[in-house]
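**Q** Okay, here's the structure, questions in a sec.
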Amino acid sequence: MAYFAAWQARDADRFRGLLADDVSWEGPSWRAITAEQCMAAFHQASSLVTSVDIQHIWVDGDDVLTWIEVRTGDESARPIANWTHVTDGRITRIRATSDLLPSS
């Protein structure tokens, strides 16, 4: 999926090209309601994330749900469910959720 390839490469231009101007992004750590705000979140998150491992992708029409494991600088893996909605080839909505409790 191009979305996660851009994440892995930390390619801001490619990531921005996937987003609609009115994209919204909600997750446990961010809320953004414009593409510019999404890009600010992308830059912040990509400075923390060391790898994104796609576990599974489900596609239902214009909706894509991806189960991923994200690693950060401390190398802990965090499972995340990421739901994107695509309209006319651009991502219009991103929703992500994860368990924010520390692992034991």
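The values are calculated or read from the model by the stated rules, or taken from the named source; none is laboratory data. The model shown is predicted, which means the values in this text are computed figures rather than measured ones. Ideal geometry is used to build each Cβ from the backbone, glycine not excepted, and the neighbour counts take in all protein chains shown.
**Q** Residues in region 69-92: is at least one without any contact (Cβ under 8 Å) to a residue 12 or more places away in the chain and part of a strand (DSSP E or B)?
**A** no
**Q** Is it the case that Thr50 is under 18 Å from Leu19 (Cα atoms) and among the β-branched types (Val, Ile, Thr)?
**A** The answer is no for Thr50.
**Q** Considering Ser47, Ser29, which residue is assigned to a loop (DSSP other than H, G, I, E, B) and small (Gly, Ala, Ser)?
**A** Of the residues listed, the single one that is assigned to a loop (DSSP other than H, G, I, E, B) and small (Gly, Ala, Ser) is Ser29.
**Q** Please determine, by comparing only the residues of region 35-64 that are surrounded by 15 or more Cβ atoms within 10 Å (Cβ to Cβ) and of a type outside the set (A, V, I, L, M, F, W, C), which one is farthest from Ala81 (Cα to Cα).
**A** Of everything passing the filter in region 35-64, Gln37 is farthest from Ala81 (Cα to Cα).
**Q** A further question follows. Does Glu26 meet the test of being in contact with a Lys or Arg (Cβ under 8 Å, 6 or more places away or on another chain), among the acidic types (Asp, Glu) and either exposed (fewer than 14 other Cβ atoms within 10 Å of the Cβ) or at pLDDT below 95 (or both)? I'd like the intermediate steps shown before the answer.
**A** Numbers: in contact with a Lys or Arg (Cβ under 8 Å, 6 or more places away or on another chain): yes; among the acidic types (Asp, Glu): yes; either exposed (fewer than 14 other Cβ atoms within 10 Å of the Cβ) or at pLDDT below 95 (or both): yes.
Judged against the criteria, Glu26 is a match.
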